[in-house]
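Below is one structure, written out as structure tokens; comments come after it.
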Amino acid sequence: MAGGQTVADQAITGLVVAHTTPMQAGSSITFTASIGQGTGVSYLWNFDDGTSPLSNGAQVSHVYNITGTYTTVVTATNSVSTDHAATTFTVVP
């Protein structure tokens, strides 16, 4: 509360996701989400490999044990909006 009024979250805009390289099977890959604006944001990560989605912060690490092409999707949510961003990449031996 600020001055007796509830302060609403700011809508999420400009969500992007980036990742580290190289993308080798069995190695940890770090994904980072960033937003242009937004407040009170939570993140849900889907790694496209059959594992359960992970609710975590704007930066997570994940290990892909099988080679192939994957699309990782992050969903950013707050009380007034939701946004999605994805990155597609290939995991090599």
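Details
- Label point distance in nm, T71-V16, each placed 7 Å from Cα along Cα→Cβ: 2.0 nm
- Label selected from (1) 30; (2) 55; (3) 51, the criterion being percent of Cα pairs over 23 Å apart as computed here: (1)
- Label-to-label distance for D48 and D9 is 2.5 nm, based on points extended 7 Å past Cα in the beta-carbon direction.
Laboratory data are not the source of any read-out in this text; all were calculated from the coordinates shown. Computed from a prediction, not measured in an experiment: that's the story for all the values here. We place every Cβ from the backbone using ideal geometry, glycine too, and count neighbours over all the protein chains shown.
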